[in-house]
Amino acid sequence: KSGAAHVNTDHPRVIEIWNLVFIQYNRSGGGGGGGGGVLSPLPSKHVDTGMGFERITAVLQGKTSNYDTDVFTPLFDAISDVTGARPYTGKLDDATDMAYRVIADHVRCLTFAITDGAVPSNEGRGYVLRRILRRAFRHGWQTLGRTEPFLHRLVPAVVEHMGQAFPELNKNPDHVASVLRDEEQSFARTIDRGIDLFEQAASRGGDRIRGDDAFMLYDTYGFPLDLTQVMAEERGMIVDVAGFEKRMEEARQRSRAGAGGGDARQSLVEIVQRGDAPATRFLGYDGVTEAELAPTQLMLLTHEDDGYTRAEHLIQGMDGAIALDQSPFYAEAGGQVGDTGVIEAGNGNARFRVHDTVKVGETTFHLGHMEAGKLDTDNPPSLKLSVDRDRRDRIRANHTATHLLNFALRQHVAPNVDQRGSLVDDEKTRFDFSHNAALNEQQVEQVENTVNELINEDLPVYADEAPQEEALKITGLRAVFGEKYPPRVRVVAIGEPVEQILKNPDDERWRGRSIEFCGGTHLDRTGEAQAFTVVSEEAVAKGVRRVTCLTGERAAEAHRAAERLERELAMVKAGDQGAAAQRDRVDMSAVLQEINEATLPLVVRRRLSGLVAELQQQARQQAKAASQATAQSVIDEARRIADTADGSVIVAKFENADANALRSAMDVIRKKRPDAPLLLAGTSEGKVALVAAVPEDRIKQGLKAGDWVKQVAQVVGGGGGGRPDMAQAGGKDPSKVDEALERARAIAAGK
């Protein structure tokens with residue numbers, strides 16, 4: 001009976017499975033809905049079928065739902081195994097079946113996305129992943145009664161079921177599972193209390209969840225708004241989204257007003273603009289990290305939700321800021337982060353912890369928290385200002401290394417490389433520069449070697465002020481593109497005194513030195529940096545590259561980690577190639593994951609990744625050769641069975657044969673015995689595969705392949721099915737294969 005009358009009427013039995021689109025022309029100029037413009041033939045023409053794989057599968061398997069096909073059956077089986085839930089029954093209005101569908105869909109999406117490089121987070125596509133993970137986890141927790149992380153245990157089922165069609169899934173499933181497990185553990189710590197809160201909110205009466213409650217679920221318990229909406233919909237309720245958004249905006253404003261935030265920084269600007277803030281003289285050059293002062297000017301500020309305000313005093317427990325006429329604390333500028341440390345009253349009765357140092361105009365503000373005692377603006381005590389010396393030293397090392405890096409990039413990458421930004425803190429130096437191509441391995445190695453050579457030379461680092469007009473005449477001088485410099489600039493030169501350079505500024509020798517305008521803090525000698533390594537290189541904008549580098553002990557740690565991994569992989573490569581090829585894939589994936597996640601020199605990381613890929617390729621080739629040998633052995637056995645089998649039904653077992661090998665064996669036997677129903681079982685890697693074929697005359701007698709194989713699969717703890725003439729199934733218990741084959745013979749005999 002034709003269903004034409006039901007097309008495009010949203011009839012549940014009529015779905016689109018094929019919609020041809022002929023991609024042939026490009027329309028240019030005057031296009032739009034009117035169809036104007038010029039049609040130009042495309043160099044390559046295509047037909048987009050619009051075919052939905054899952055829909056086609058449902059049609060071919062005679063199912064009314066995609067979820068009833070064998071696309072989802074292995075995932076449903078895995079969910080049942082992991083959660084202990086009763087089997088999926090396919091009911092649309094059943095909560096357990098709905099949980100099966102949500103979990104299967106979502107864990108499949110998560111596995112593919114994380115394999116592709118995405119990770120759950122609080123923004124962008126990462127937030128989408130976090131939301132769907134939490135929706136799936138909630139169904140397992142609340143509907144299936146699974147009160148511990150379980151989604152990560154479903155990753156192997158996704159990989160096994162879809163890894164042949166999508167080989168990239170096999171690359172690092174352990175990493176995918178690890179990411180999921182961490183996310184689940186994080187959400188598991190709050191979901192129980194969150195569900196209790198939701199129940200309380202839902203029981204208050206009415207038909208809606210208040211915006212305040214929805215916001216608390218989001219802010220305190222990690223429930224995305226759409227998850228709360230789904231839970232509300234299940235109760236026949238809605239969520240006050242407008243109220244939720246209002247609370248969200250209030251939270252954003254509070255965040256912006258946080259210490260050093262936009263609104264807070266603006267309040268400091270306004271204080272300076274009023275003209276009563278002290279100008280601060282920086283005392284922290286030449287390694288100075290402490291100063292005892294009797295300040296002639298002292299400004300105290302308290303920090304509140306809307307920013308900073310003047311105060312007469314700071315007492316224990318208050319957040320605030322201190323401004324002085326002198327300070328050894330470096331304020332954030334030129335890419336270098338601000339100093340941290342302590343400001344104490346000379347009499348020891350007050351202590352202010354400095355979390356950051358910023359500069360507005362000529363005023364340095366020390367932002368932080370009053371840990372003890374009280375400070376007053378009236379009769380201020382003498383103060384001891386102590387910068388965190390170890391942190392400052394690490395920053396100095398990274399800043400001096402940044403200058404050496406800038407010099408080396410121009411030497412080995414391009415003479416016209418220009419700085420486009422930088423971040424120098426106590427952990428790293430991050431440097432952005434103009435260049436329109438990724439650095440190759442040779443360039444990275446040359447840059448790294450040059451910086452380390454300059455460190456090993458233990459060159460003196462000089463800094464001096466000079467008139468900007470004179471300093472700009474120095475040959476090879478580096479300055480930040482677009483930066484505005486004052487009339488007198490600070491020049492930092494490595495290996496040559498600034499005074500000597502200014503005597504002969506146009507000398508070509510200066511091209512061989514690092515000379516830059518810079519107001520930051522630096523080492524006394526390059527050797528204090530100890531070591532240098534590049535750990536990453538990437539694009540950040542069109543024509544702008546970024547390198548991240550380490551110095552000192554952190555660089556040494558990176559090299560030690562690299563040496564250890566190199567030794568491990570070298571031992572594998574140096575051993576028997578067959579043994580290397582047989583190395584357990586999970587172990588190699590773990591090594592690759594460690595390479596990707598560990599802090600390593602970039603050149604070594606690239607080299608190790610290539611070596612792992614080489615060893616994995618060997619493993620794949622070995623596995624392919626073994627598979628081919630097994631397949632040939634199965635075919636030989638199939639020929640023997642076809643030639644020697646007697647009786648009207650053929651039932652046989654194959655060792656080390658998966659479903660693909662069994663299908664090949666079935667083809668061989670059917671060619672010689674087209675009249676005989678046959679059911680073949682194969683065991684491989686602790687699993688059972690079953691295939692069955694029944695000729696038409698035996699189907700008429702009541703023996704149908706789909707029913708036959710389904711009943712047999714139950715004996716080995718599995719399931720399956722298919723058409724009356726051909727079907728396949730699987731199972732989990734190879735020890736019962738012989739029993740299953742006896743069952744197969746009995747069923748056939750009964751028909």
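The values are calculated or read from the model by the stated rules, or taken from the named source; none is laboratory data. The structure displayed is predicted, hence computed values, not measured ones. Cβ: placed from backbone, ideal geometry, glycine included. Neighbour counts: every protein chain shown. Heads up: the accessible areas ignore ligands, DNA and RNA and are worked out on the full protein's heavy atoms, side chains in. Shrake-Rupley method; radii C 1.70, N 1.55, O 1.52, S 1.80 Å.
Details
- In this view, the solvent-accessible surface of K428, computed with a 1.4 Å probe and all protein chains in place, comes to about 50 Å².
- Within the straight-line cut-off of under 26 Å between alpha carbons, the lysines reachable from K710 are K63, K91, K653, K671, K672, K687, K700, K732, K736, K751, sequence neighbours fewer than 8 places apart in one chain being disregarded.
- Shape analysis of the range 421-564 based on the Cα gyration tensor places the equivalent ellipsoid semi-axes at 28, 19, 14 Å, largest first.
- Candidates L459, G527, H435 compared by Cα position along the dipole of the chain: farthest toward the positive end lies H435, with charges placed on Cβ.
- Helix-derived mean residue ellipticity, 222 nm - over the chain, DSSP H n ≥ 4, -39500 (n - 2.57), to 500: -14000 deg cm²/dmol
- Relative to its residue count, the range 268-333 spans a Cα convex hull of 123 Å³ per residue.
- Annotation: the chain has a Kirkwood hydrodynamic radius of 32.7 angstrom, from the mean reciprocal C-alpha pair distance.
- Between amide H atoms placed 1.01 Å from N, distances below 5 Å from Q297 occur with D325, all of them 5 or more places distant or on a separate chain.
- Positive-pole candidate from L301, G117, T220, dipole of the chain, charges at beta carbon: G117
- Order by protection proxy (mean Cβ within 10 Å, highest first), peptides 92-102, 701-711: 701-711, 92-102
- Computed from Cα atoms, the angle from the helix 552-574 axis to the main principal axis of the chain rounds to 30 degrees.
- Helix axis angle, 173-202 relative to the chain longest principal axis, alpha carbon, degrees: 90
- Summed over the residues of the chain and divided among them, the accessible surface reaches 51 Å² per residue at a probe radius of 1.4 Å.
- Relative to the Cα centre, the charge distribution of the chain, modelled as +1 at Lys and Arg Cβ and -1 at Asp and Glu Cβ, gives a dipole magnitude of about 3120 debye.
- Accessible surface of the chain [probe 1.4 Å, protein heavy atoms]: carbon and sulfur percent: 47
- Rg of the Cα atoms in the range 137-272, relative to 2.2 N^0.38 Å, amounts to 1.42.
- Relative to one another, the C-alpha centroids of the range 668-719 and the range 181-240 are positioned 50 Å apart.
- Amide H contacts of L283 (H built 1.01 Å from N, under 5 Å, at least 5 apart or other chain): S327, F329
- Largest first, the three principal axis extents of the alpha carbons in the range 442-505 are 39, 27, 16 Å in whole numbers.
- For the range 1-136, the Stokes-Einstein estimate of translational diffusion at 4 °C and a viscosity of 1.567 mPa s comes to 69 µm²/s, using the Kirkwood hydrodynamic radius over alpha-carbon pairs.
- Net charge dipole size for the range 611-662 [Lys, Arg +1 and Asp, Glu -1 on Cβ; Debye, nearest 20]: 140
- Close amide H contacts of D356 (hydrogens built in the peptide plane, cut-off under 5 Å, sequence separation of 5 or more or a different chain): L367.
- The charge dipole of the range 19-151, taken about its Cα centre with unit charges on the Cβ atoms of Lys, Arg (+1), Asp and Glu (-1) only, comes to about 380 debye.
- Span per principal axis, largest first, for the Cα atoms of the range 665-751 (Å): 35, 26, 20
- The range 598-751: C-alpha pair distances exceeding 24 Å, %: 40
- Of R153, R247, R554, the residue with the largest accessible area leads and the full order is R153, R554, R247 (1.4 Å probe).
- Restricting the calculation to Cα atoms, every distinct pair contributes to the Kirkwood radius of the range 287-440, found to be 17.2 Å.
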